[in-house]
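Down below is the structure, laid out as structure tokens.
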Amino acid sequence: MEKLIFNIDIKASKEKIWRILWDDETYRKWTSAFAEGSHAESNWNEGDKIYFLGPGGADGMNSLIERKIPNEYMAFKHLGEIKNHKEVPPNEETEKWSGAMETYRLDQKGDVVDLHVEVDVIEKHIDYFKDAFPKSLKIVKELSE
């Protein structure tokens with residue numbers, strides 16, 4: 001796996017950016033850069049499951065909220081796939097990326113906040129994420145400012 005790193009400076013409070021990232025309505029807006037209709041199902045508590053779902057909500061990824069520091073840091077550990085609303089047992093394909101991390105950090109830098117994202121990606125998805133993540137972060141910036 002390769003670790004991709006993305007940064008964007010946003011002129012808004014950490015609290016506002018945090019809400020834009022994780023409130024359902026705005027989460028759906030910025031994740032539309034990955035796939036229109038993307039959303040998450042979770043209670044957003046550290047240690048609990050989170051389902052990252054695509055359009056229609058039947059398929060996606062089963063992950064764990066590994067670490068959460070409100071208004072500062074969120075870390076997801078991706079575990080496996082969801083198909084037809086059910087967690088799929090590990091298979092050859094999911095074992096290639098199971099355990100991949102995706103983290104979001106908000107750092108105050110003067111009058112801006114640096115949104116720093118790191119994501120572990122398998123080779124076949126690198127180009128997709130290099131294209132989609134900057135678009136998604138631009139949406140977060142527009143919604144926050």
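The values are calculated or read from the model by the stated rules, or taken from the named source; none is laboratory data. Worth saying up front: this structure is predicted, and the values here are computed from it rather than measured. Using ideal geometry, Cβ is built from the backbone for each residue, glycine included, and neighbour counts are taken over all protein chains shown. Protein only, heavy atoms only, side chains kept; ligands, DNA and RNA dropped before computing areas. Shrake-Rupley method; radii C 1.70, N 1.55, O 1.52, S 1.80 Å.
Among the residues of the stretch 118-145, what is the count of those that are assigned to a helix (DSSP H, G or I) and either touching a Cys at 6+ places or on another chain (Cβ under 7 Å) or open to solvent by less than 90 Å² (accessible area, probe 1.4 Å) (or both)?
14
Keeping to the stretch 95-120, report how many residues are more than 21 Å from Asn71 (Cβ to Cβ) and at pLDDT 95 or above.
1
Which pairs turn up if I take residues in the stretch 41-55 that are farther than 14 Å from Pro70 by Cβ and look for partners that are acidic (Asp, Glu) and at pLDDT 95 or above with beta carbon separation below 7 Å, at least 6 apart in sequence or on another chain?
Every condition considered, the pairs that remain are Ser42/Asp48.
From Ser98, Ser42, Ser32, grab the single residue that is within 19 Å of Ala132 (Cβ to Cβ) and among the polar types (S, T, N, Q).
Ser32
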